[in-house]
Structures are given as structure tokens and as C-alpha cells.
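I have placed the structure first, in the form of C-alpha cells, so that the comments after it can refer back to it.
Every number here is computed from the coordinates shown, using simple stated rules; none is lab data. The shown structure was predicted, so the numbers you read here are calculated from the model rather than taken from an experiment. Neighbour counts run over all protein chains shown; Cβ positions are idealised from the backbone, glycine included.
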Amino acid sequence: SAVISQKPSRDICQRGTSLTIQCQVDSQVTMMFWYRQQPGQSLTLIATANQGSEATYESGFVIDKFPISRPNLTFSTLTVSNMSPEDSSIYLCSVPGDEGGGPGELFFGEGSRLTVL
Amino acid sequence: AQKVTQVQTEISVVEKEDVTLDCVYETRDTTYYLFWYKQPPSGELVFLIRRNSFDEQNEISGRYSWNFQKSTSSFNFTITASQVVDSAVYFCALSDHSTGTASKLTFGTGTRLQVTL
């Protein structure tokens, strides 16, 4: 299993500012995923972050709004830019449990709860 | 397009009651995986089970059991003799192979289970 640490665990931000969320994994992984969970809603995949290449964004999410870095195989950051109240969500980092081929379970961090005023 | 439907938004039971959480999915893939995750109040998602589309055997793990029926595209989750610690939001999820990344998941909207004494 993988242990995933996210920082910050929660934050309150002002409209128009940006916040960077960090995700640290205790083992090397090829893929890392960033999900968003809006209040009372399900999880929506924002992007897939592979080390050494540009992140792949899902429909409705763009790099200018959610820039992602993946400097090595154990770390990634997600920035929420020019925040508005609609960005208030839990942002979760996850990694696959099985790097050998078929999907293993996903391991999730505890999430970063973001409130935008 | 993939879709996961959890029609029960919230369920309340008294401790020791059995409870079934329903999950219906849609996919055009012939090979896919289904998952259940638990999200306790702490926020971290906890993997419970993975089932591939070729294995329709029901599975039991302690008080948990899963009924996978391909004919009805359902993957229901039963907790027997529920306990207060089972109180959480439970998500059903489906793997998306459209991009070749089998670890990309589509989540249902979740079912909040409240177990009281």
C-alpha cells in the first residue's frame, strides 16, 4: 500500500488568490491523479500527472486554472489559480496500487479542504 | 460514456441491522473493473473491493458482501449487522479504459450511511 500526505489539510482563501497543494507519496509511482470533490458531491478527476511529461487534463479543466507539477516520482503539486467560491472543494491526490498492469485499488490522501470566501 | 448511479443518497439504520447500498453502472467496455470506497468523516477514501467484469462471483469479507450481476449492470454492497463505525459515505466506482489508463475511475455520487445506536 502507499501512504500519501497532502498539505495543507485545509485552508481558507480569498477570492482571486491562488493556492498550491502538495502531494507526497512514500514510494515511487508513475501516475498520480488529482480529484476534486465539491461539497456533497462525488469525485471528479481533474488531471493525470506523469513524471517527465505534461499533465493530462479532463474535460472542463484547463492548465491555466489548475497547473500541475510533477518533478519526480514521489511528489506532485496542484495549484488552484484565481480562486472563486465555486472552487471550494476537497482536492484529493491519489495513486494506483498496482503498477504492474491492470488497475489496482487507488490510494488516496486525506485531501485538502479548500474554502474560498 | 461511462456512468455510475447510486440512487440512495442517504440511509439511516439502527446498529445491527443489515443494509444494502445499490450501484448501477453503464459502460461500453467489455473489460472493466468495479470498486467500492468508504469515506469516513476524516475525508480519506478507503478502498474496499475491486471486481473485474469477468468475475461474477459474489464476495464476502467479514460483515461485508458484494453482489455483482452483469445482467443488470449492478454491483451492490451489503453490510451485515451494521455498526456505528460503518457510518460513512460509500462510493461505487467504475474504471475507464478509454484512454488506456485503467486506473482512471468514474465515481458515483455516493451514499451516506448513518448507523445509530
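When the Gaussian network model of chain A links Cα atoms closer than 10 Å, the mean-square fluctuations of A:GLY52, A:GLY60, A:GLY16 top out at A:GLY60. Each residue of the range B:37-43 was assigned a 3J(HN,Hα) from its phi angle through the Karplus expression (A = 6.51, B = -1.76, C = 1.60, θ = phi - 60°), giving 10, 10, 10, x, x, 5, x Hz with x at Gly and Pro. If you model the range A:1-61 as an ellipsoid using its alpha carbon gyration tensor, with each semi-axis the square root of five times an eigenvalue, the axes come out at 21, 16, 13 Å, biggest first.
Between B:ARG28 and B:GLU15, the contour length at 0.36 nm per residue exceeds the alpha carbon distance by 0.8 nm. Here, the protein assembly as shown is characterised by an Rg to Rh ratio of 0.97, where Rg is the alpha-carbon radius of gyration and Rh the Kirkwood radius.
Subtracting the Cα-Cα distance of A:ASP26 and A:ILE12 from their residue separation scaled by 0.36 nm leaves 2.3 nm.
Summing Cβ point charges (Lys, Arg +1; Asp, Glu -1) relative to the Cα centre of the protein assembly as shown gives a dipole of roughly 360 debye.
Taken over the range B:1-102, the convex hull of the Cα atoms encloses 106 Å³ per residue.
The HN-Hα couplings worked out from phi for the range B:65-78 by the Karplus form 6.51 cos²θ - 1.76 cosθ + 1.60 (θ = phi - 60°) are 9, 10, 10, 9, 10, 5, 4, 10, 6, 10, 9, 8, 10, 10 Hz, whole numbers, x standing for Gly and Pro. Each label was represented as a point 7 Å from its Cα along the Cα-to-Cβ direction; for B:LEU117 and A:GLN38 these points are 3.8 nm apart.
In percent, what relative contact order does chain B have, based on Cα pairs under 8 Å that are 6 or more apart in sequence? Relative CO of chain B lands at 37 percent. Relative intensity of the range B:25-85 on a log10 scale, I(q)/I(0) at q = 0.13, 0.17 Å⁻¹, equals -0.39, -0.64, per a Debye sum over C-alpha point scatterers of equal strength in the absence of solvent.
Amide hydrogen proximity for B:LYS104: with H placed 1.01 Å from N in the peptide plane, the residues at 5 or more positions away or on another chain lying under 5 Å are B:ASP96. With θ taken as phi - 60° and the Karplus curve 6.51 cos²θ - 1.76 cosθ + 1.60 applied, the whole-hertz 3J(HN,Hα) list for the range B:10-19 is 8, 10, 10, 9, 8, 3, 5, 6, 8, 9 Hz, x standing for glycine and proline. For B:SER87, the residues whose amide H sits under 5 Å from its own are B:VAL115, ignoring neighbours fewer than 5 places away on the same chain, with H placed 1.01 Å from N.
Volume per residue of the convex hull around the Cα atoms, evaluated for chain A, comes out as 99 Å³. Annotation: cysteines of chain A without a disulfide-compatible partner (Cβ-Cβ under 4.7 angstrom) are A:CYS13. Shielding value for A:36-43 is 5, the average number of Cβ atoms from other chains within 10 Å of each residue's Cβ.
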